[in-house]
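Single-structure report; data block below.
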Amino acid sequence: KVFAFNTYLIKHQKTHTGEKPYECSQCDKTFSQNAHLKCHLRTCTGENYPCDKCNKVFSNKGNLINHLRIHSGKKIFQCIQCDMVFTNNSSLLSHLRVHTGEKPYQCSQCDKTFARSNHLKRHMKTHIGEKTFQCQERIQKTIKGSSENTKLVC
């Protein structure tokens, strides 16, 4: 597997090592990434973000900020599939691809497709010689119905 940024490779490698250095002080559960611990802590501590206008409660500050636009009178764009709210129509249209599976951005080198243009741009770095980071870990997998182990490059 190839990554455009070294930080993505480092995060990915923890899936192979099982390293989980971030521990919850409330319940001793461990996480491979600090962001995952922070998200988990909200459930352990009961931390939430209430709307002071309608008392709706959010576990994520970003969701509260999006919600507050409803009360501010600013035009919002809401997904009819999952009720996510966006500040502009292009963000909503991009998000809708999550539900439709549409991937209109195609790599001219290998025909891989992407739902978002920035994901294609990041992918293109693997073809144009820009610095990329590759996982060298090999995974042992047993194929169903076979006694042989097959080595796969991640």
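The values are calculated or read from the model by the stated rules, or taken from the named source; none is laboratory data. Computed from a prediction, not measured in an experiment: that's the story for all the values here. All Cβ positions, glycine included, derive from the backbone under ideal geometry; neighbour counts span all protein chains shown.
Is it the case that residue 47 is modelled with pLDDT of 90 or more and either over 30 Å from residue 127 (Cα atoms) or in contact with a strand residue (DSSP E or B) (Cβ under 9 Å, 6 or more places away or on another chain) (or both)?
Numbers: modelled with pLDDT of 90 or more: no; either over 30 Å from residue 127 (Cα atoms) or in contact with a strand residue (DSSP E or B) (Cβ under 9 Å, 6 or more places away or on another chain) (or both): yes.
No: the conditions fail for residue 47.
Can we say residue 14 is within 22 Å of the chain's Cα centre (by Cα), assigned to a helix (DSSP H, G or I) and surrounded by 13 or more Cβ atoms within 10 Å (Cβ to Cβ)? In short, yes.
A Cβ distance below 6 Å, combined with a sequence gap of six or more or placement on separate chains, defines the contacts here; from the stretch 36-58, residues that are farther than 27 Å from residue 72 by Cβ and loosely packed, with under 11 Cβ neighbours inside 10 Å reach no residue that is aliphatic (A, V, I, L, M) and modelled with pLDDT of 85 or more.
One line per residue, one yes/no per condition, for (1) part of a loop (DSSP other than H, G, I, E, B); (2) surrounded by 12 or more Cβ atoms within 10 Å (Cβ to Cβ):
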position: 27; (1), (2): yes, no
position: 65; (1), (2): no, yes
position: 95; (1), (2): no, yes
position: 99; (1), (2): no, no
position: 108; (1), (2): yes, no
